[in-house]
Amino acid sequence: MISYNKNRLLLTLCAGFIVSGCTEKKVNSEAVSAKVNSTPTQLIGTHEQPKQELLQALLFFEDSCGFVDGAKNNGFDVSPSKKEFETFKSSFIGHDSNAAFEDQYYLKPLSNIPKPYRKAIDNIQVEQDEEGSMRYSMYFKNATYRDHDLDKLVIFFKPETDYAYDTLYFKNKNFVDLKPSFKQVYVDWLGGYSGAVFNLENNSVTCDYSR
């Protein structure tokens, strides 16, 4: 996924339920990886770790990507699910803004992620390309969305532009069974419908804000 070369460095951050002595690492044309090694709080008969349902954190995807009612607030109204999703993202995406320097994005200590979600995360990788675009890839373990197995969450954005998207990947093609739950709403100022786009080739749903 991340190759070692002159422009990128793979750093391992301290992670776990308690992070001690870790400092926040700034990302500047490099890749960062953090791994969560949490101990299961419960064991099933076959020693299989119980699955963690992430519906609350990721409901935003089926809530028409935050566009809850095209008739309100000039076509956009912040939904509770969008607030929950933004809170979840801000628990691991760090941002420093200083007028004298370029914006800096980094990976927060994983202990900052709410406990109900932390144990469902295997690792997080951060990449920044030469144009400054950021990609946070969160890989899941034993995580589900409406009982469908999750693979990863990708958050991509280019600072100071409208170029951004969030993509949720599933492990199996049966994720298409969820499509009736995903809302589409008409937004006047967009001149069309808004909602997550299903991709059957890579088992994903995407909320794209690049329009």
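A few comments on the model shown:
- Between N142 and D188, the contour length at 0.36 nm per residue exceeds the Cα-Cα span by 12.6 nm.
- Plainly put, segment 105-167 has a radius of gyration that is 1.01 times its Kirkwood radius, both from alpha-carbon atoms, as the Rg/Rh ratio.
- Normalising the Debye intensity of segment 88-128 to I(0), with uniform scatterers on Cα atoms only, and taking log10 at q = 0.27 Å⁻¹ returns -0.97.
- H148 long-range amide H proximity, modeled H, under 5 Å: none
- Enclosing the Cα atoms of segment 130-211 in their convex hull gives a volume equal to 106 cubic angstrom per residue.
- Across the protein chains, with a 1.4 Å probe defining accessible surface, the residues L59, L153 rank L59, L153 from largest area downward.
The values are calculated or read from the model by the stated rules, or taken from the named source; none is laboratory data. None of these values were measured; they are calculated from a predicted model. All accessible areas refer to the heavy atoms of the entire protein, side chains included, with ligands and DNA or RNA removed. Shrake-Rupley method; radii C 1.70, N 1.55, O 1.52, S 1.80 Å.
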